[in-house]
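What follows is a single structure, written as structure tokens, with notes after it.
The values are calculated or read from the model by the stated rules, or taken from the named source; none is laboratory data. Predicted model, so just to flag it, every value in this text is computed and none were measured. Backbone-built Cβ (ideal geometry, glycine too); neighbour counts: all protein chains shown.
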Amino acid sequence: MVPLRLPGRCPPVVLRAFRDEDAGLVQSVANDALIPLITTVPTSGNASDARAYIERQHERLASGTGYSFAIADAATDVAVGQIGPWSRNLGEGRASTGYWVASQFRQRRYATAALDAISRWGLSLEGVHRVELYVEPWNHVRQCQ
């Protein structure tokens, strides 16, 4: 995908397919207090489970559950998290989205840039009139300035 550049201090991000080399990122969030709790990231932290997680992300489109993208820094192509629109409510014209960003990449506005990109792209999909995001009460997404 083409890097998305937002005005202000948001970094340019690329939403791309997960790659085998992203397994280290998945492993790095296995001990996060919340990511494995509210996602399908494995808690084991071992490489084979991380690779299985990546394979599951590749299967999302084929299974009809949605799309799953790695959030990557456009300058380095280093994956920093995951985002995707899910298609469970497409019949009502809605897609929902979820994301996570590894703790070492938080507070850099990657989530803001990725959410903007996925929302714009999601609304361009046929039949999608609304993109919904459920945000945990403790999660604060900062807007770019």
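A few notes on this one:
- Scanning segment 82-99 for residues that are in contact with a Leu (Cβ under 8 Å, 6 or more places away or on another chain) and surrounded by 21 or more Cβ atoms within 10 Å (Cβ to Cβ) turns up Ile83, Pro85, Ala95.
- In this structure, Ala70 does satisfy being outside any helix (DSSP H, G or I) and in contact with an Asp or Glu (Cβ under 7 Å, 6 or more places away or on another chain).
- Hits in segment 99-145 - residues which are among the β-branched types (Val, Ile, Thr), farther than 15 Å from Ala70 by Cα and at pLDDT 90 or above: none
- Of all residues in segment 67-83, those satisfying the criterion of being more than 8 Å from the chain's Cα centre (by Cα) and hydrophobic (A, V, I, L, M, F, W, C) are Ala72, Ala74, Ala75, Val78, Ala79, Val80.
- Counted residues, segment 41-74 - those being among the aliphatic types (A, V, I, L, M), in contact with a Pro (Cβ under 8 Å, 6 or more places away or on another chain) and free of Cβ contacts under 8 Å to residues at least 60 places away in the same chain: 2
- Answer from Ala50, Ala113 - the residue that is more than 20 Å from Leu133 (Cβ to Cβ), in a helix (DSSP H, G or I) and either in contact with a His (Cβ under 9 Å, 6 or more places away or on another chain) or of a type in the set (A, V, I, L, M, F, W, C) (or both): Ala50
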